[in-house]
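What follows is one structure encoded as structure tokens, with my remarks underneath.
The values are calculated or read from the model by the stated rules, or taken from the named source; none is laboratory data. This is a predicted model, so every value here is computed, not measured. Methodologically, a virtual Cβ is constructed for each residue, glycine included, from the backbone with ideal geometry; neighbour enumeration extends over all protein chains shown. Side chains included, ligands, DNA and RNA excluded: accessible areas come from the protein's heavy atoms. Shrake-Rupley method; radii C 1.70, N 1.55, O 1.52, S 1.80 Å.
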Amino acid sequence: MLEQRSFRDILGRFATGVVLITARTPHGPVGMAVNSFTSVSLEPPLIAVCAARTSTTWPAVRATGGFAVTILGERHEEVCRAFSTRGADRFAGGEWVFTRKGHPVLRDGLGWLDCAISTIQPAGDHELVVAEALEGALTGREDPLVFHAGRFGTLTTGVPRLARECA
């Protein structure tokens with residue numbers, strides 16, 4: 001059987017983007033940073049996210065029946081760290097706006113989606129959440145925040161070398 005540390009190290013070599021999952025609750029806004037996020041379907045527009053069963057935030061998000069996703073850019077590393085830290089004042093940094101459903105999104109994120117939870121499946125020590133994207137927008141143009149091998153990084157999207165040489 002594959003050891004947990006080896007499994008984690010191997011999967012850590014797969015670069016992922018980072019998003020914030022946020023929701024409005026009766027007790028105020030809640031949110032968490034997630035790198036297990038992906039598109040699922042264009043018709044209907046579905047996304048998937050995995051939430052740890054040990055998360056203290058996920059039960060509050062799940063209870064709302066929906067959430068917003070903010071795609072983070074290269075300048076959002078500190079915001080991401082705050083959303084990954086238990087007990088941190090997660091909404092102190094950044095400028096927040098709200099979706100029609102009232103979920104907070106970062107004004108300067110790369111894009112956002114407002115989602116309604118469709119299904120939740122147990123998946124080991126996580127829950128696999130499929131949600132329908134009800135609305136969204138592109139809001140930024142910078143490079144994305146990337147997570148790889150346990151570290152944050154950025155993706156440089158400059159002009160390809162060959163194109164520069166031919167110009």
Item to check | Note, ³J(HN,Hα) from phi for the range 92-109, Karplus 6.51, -1.76, 1.60, rounded to Hz, x at Gly and Pro | outcome: 6, x, x, 9, 10, 10, 10, 6, 4, 7, x, 7, x, 9, 5, 4, 9, x
Next on the checklist: Going by amide H atoms built from the backbone, whose H comes under 5 Å of the H on Gly73, apart from near neighbours?
Outcome noted: Leu110, Leu145
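Determine the gain in length on full extension of the stretch Leu155-Leu128; use 0.36 nm per residue of separation and subtract their C-alpha separation, reporting nm with one decimal. Don't jump to the answer; show the numbers that get you there.
Working: separation 27, 0.36 × 27 = 9.72 nm, distance 2.69 nm.
Extra length from Leu155 to Leu128 when fully extended: 7.0 nm.
Give me the 1.4 Å probe accessible area per residue for the range 57-143, excluding ligands and nucleic acids, in Å².
Details: 4540 Å² over 87 residues.
Accessible area per residue, the range 57-143: 52 Å².
If packing is taken as the average number of other Cβ atoms within 10 Å across a peptide's residues, how do 39-47, 77-85, 5-13 rank, most packed first? Please list the in-between numbers first.
On the way: 39-47: 12.6, 77-85: 17.3, 5-13: 10.3.
Per-residue mean Cβ counts within 10 Å order the peptides as 77-85, 39-47, 5-13.
If the chain between Phe98 and His148 were fully stretched, how many nm would it gain, using 0.36 nm times the residue separation less the Cα-Cα distance? Working shown, then result.
Values: separation 50, 0.36 × 50 = 18.00 nm, distance 2.99 nm.
Between Phe98 and His148, full extension yields 15.0 nm more.
Could you tell me which of rounded, prolate or oblate describes the range 48-118, using a ≥ b ≥ c as the square roots of the eigenvalues of the alpha-carbon gyration tensor, with rounded for a/c under 1.5 and, failing that, prolate when a/b is larger than b/c and oblate otherwise?
Values: a/c = 1.66, a/b = 1.14, b/c = 1.46.
Oblate is the answer for the range 48-118, as a/c is 1.5 or above yet b/c matches or exceeds a/b.
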Checklist outcome for this item: Cβ-Cβ cut-off under 12 Å around Asp108, Lys and Arg +1, Asp and Glu -1: the net charge is 0
Item to check | With every protein chain in place, the chain: carbon and sulfur % of accessible area (1.4 Å) | outcome: 56 percent
Next on the checklist: Under the rule of at least 5 residues apart or a separate chain, name every residue whose amide H is placed under 5 Å from the amide H of Thr99.
Outcome noted: Val105
Item to check | Built amide H within the under 5 Å cut-off of Gly94, gap 5+ | outcome: none
Next on the checklist: Please list 3J(HN,Hα) in residue order for the range 140-147, calculated via the Karplus relation 6.51 cos²θ - 1.76 cosθ + 1.60 where θ = phi - 60°; whole Hz, with x for glycine and proline.
Outcome noted: x, 10, 6, 6, x, 7, 10, 10
